[in-house]
Amino acid sequence: MQVEQLLSMQKQKIKRRVIRLSDSYPIKKSGAAKQNIFIREIPICSGGVGAGLWEAGEMMSRWIYRNSDAIKANFTGCLELGSGVGLTGIVMSTFIPTTMTDYKQALLQNLRYNIWSNSDCTDKDDLFNTPAEFIYFKSHAELIKQNAQIAYIDWFDLNQLNPPEEDFERAQLLPFNQSLNLINIISNKFNLIIGSELNYCVETVDALVNTLEKYLNENGVFWEIISLFRGVGPKLFMTKLKNNGFEVEAREAEEYMYNGIESCQRKRNETYMMWTIYKKGTANVMTFGNGPLVDWENIEYTLAAE
């Protein structure tokens, strides 16, 4: 291992966060419990950009939480691409079976840790504001334990089944007495695929298009949320999908999704788009977002907010 990498690892620390999804809008019933999700972030030198929680992932999780009844009515399973720390996939798994994916060993092991933190590790009653919230957490923990799975996907090599070995101390990322337990989804199709901030890099656009076409069912739908300040990657990705026979719809993120989020993206006042993508001719599509359609082909995409 390079000296520079060792020094970098010493400076970076593992962080733990509690995400309270219903803080973003009023709870309908007085005294109703909030859903708490426990997330561990790892050093970026181990996991790259997926090592921490992105604002878009938290925003998508809030939308899923708020629209869970419709999701359960329309879908029986979900594939998440680029899961990172796993917040969005864990939230989705409280409602339907969800397979979370990424390509780095560190990220996959941290996913397993975060699933464990929200399913098997249920002795955290001192972390909740009320006994009702702890009871609510435990009920969701059973669903997460039942529904959440992890798989390895390399967008550039879709036939590869296992992640490559890496140099860092991987054993420290798994919870005690837990194994990675990856599942094989190489022949699977999904009616719902989700992701956040996936196509910010132009070099990954073609690989992501191929991945989506491999795993999306003929009548399935893909949801993504991404900032307008990610350069030309998003528009290039959507244009390629349109040319490949997909319908591409864009809507602005709803206001409540931004509330209370503290991040560098929020400080830059970034604007997020919610994308719904499906094959032409697909009927009864559940859209991602409830607002009016936006003319995405005439949106201005930039590298940074002004």
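Name the single residue, out of those in the stretch 134-150 being surrounded by fewer than 18 Cβ atoms within 10 Å (Cβ to Cβ) and more than 18 Å from Pro97 (Cα to Cα), that is nearest to the chain's Cα centre (by Cα).
Tyr136
For Val248, work out the one condition from (1) of a type outside the set (Asp, Glu); (2) assigned to a strand (DSSP E or B); (3) closer than 21 Å to Phe156 by Cβ it doesn't fulfil.
Of everything listed in (1) of a type outside the set (Asp, Glu); (2) assigned to a strand (DSSP E or B); (3) closer than 21 Å to Phe156 by Cβ, Val248 misses just condition (3).
I'm trying to understand the selection: among the residues of the stretch 112-152, which are at pLDDT 95 or above and over 20 Å from Val91 (Cβ atoms)?
If the condition is that a residue be at pLDDT 95 or above and over 20 Å from Val91 (Cβ atoms), then Tyr152 is the only one that fits.
What's the total number of residues in the stretch 243-261 that are in contact (Cβ under 8 Å) with a residue 40 or more places away in the chain and touching a helix residue (DSSP H, G or I) at 6+ places or on another chain (Cβ under 9 Å)?
Step one: list which residues in the stretch 243-261 are in contact (Cβ under 8 Å) with a residue 40 or more places away in the chain, which gives 248-254, 256-261.
With touching a helix residue (DSSP H, G or I) at 6+ places or on another chain (Cβ under 9 Å) added as a condition, the list becomes 248-250, 253-254, 256-261.
Summing the residues that are in contact (Cβ under 8 Å) with a residue 40 or more places away in the chain and touching a helix residue (DSSP H, G or I) at 6+ places or on another chain (Cβ under 9 Å) in the stretch 243-261 gives 11.
With a cut-off of at least 3 residues that are of a type outside the set (A, V, I, L, M), within 20 Å of Phe176 (Cβ to Cβ) and touching a residue at least 24 places away in the same chain (Cβ under 8 Å), name the helices (runs of 4 or more DSSP H) lying wholly within the stretch 59-155.
In the stretch 59-155, 105-117 are the helices (runs of 4 or more DSSP H) which contain 3 or more residues that are of a type outside the set (A, V, I, L, M), within 20 Å of Phe176 (Cβ to Cβ) and touching a residue at least 24 places away in the same chain (Cβ under 8 Å).
Applying the selection to the stretch 281-293, what residues are at pLDDT 95 or above and either surrounded by 10 or more Cβ atoms within 10 Å (Cβ to Cβ) or closer than 23 Å to Leu236 by Cβ (or both)?
Hits for the stretch 281-293 are Val285, Met286, Thr287, Phe288, Gly289, Leu293.
From the list Leu212, Leu198, Leu192, Leu208, exactly one residue is part of a loop (DSSP other than H, G, I, E, B) and surrounded by 22 or more Cβ atoms within 10 Å (Cβ to Cβ). Which is it?
Unique residue meeting the criteria: Leu198.
Quick check on the stretch 207-236: of everything there that is touching a strand residue (DSSP E or B) at 6+ places or on another chain (Cβ under 9 Å) and over 17 Å from Phe190 (Cα atoms), which residue is modelled with the highest pLDDT?
Among residues in the stretch 207-236 that are touching a strand residue (DSSP E or B) at 6+ places or on another chain (Cβ under 9 Å) and over 17 Å from Phe190 (Cα atoms), the one modelled with the highest pLDDT is Ile225.
The values are calculated or read from the model by the stated rules, or taken from the named source; none is laboratory data. Computed from a predicted structure; not experimentally measured. So basically every Cβ, Gly included, is an ideal-geometry build from the backbone, and we count neighbours across all protein chains shown.
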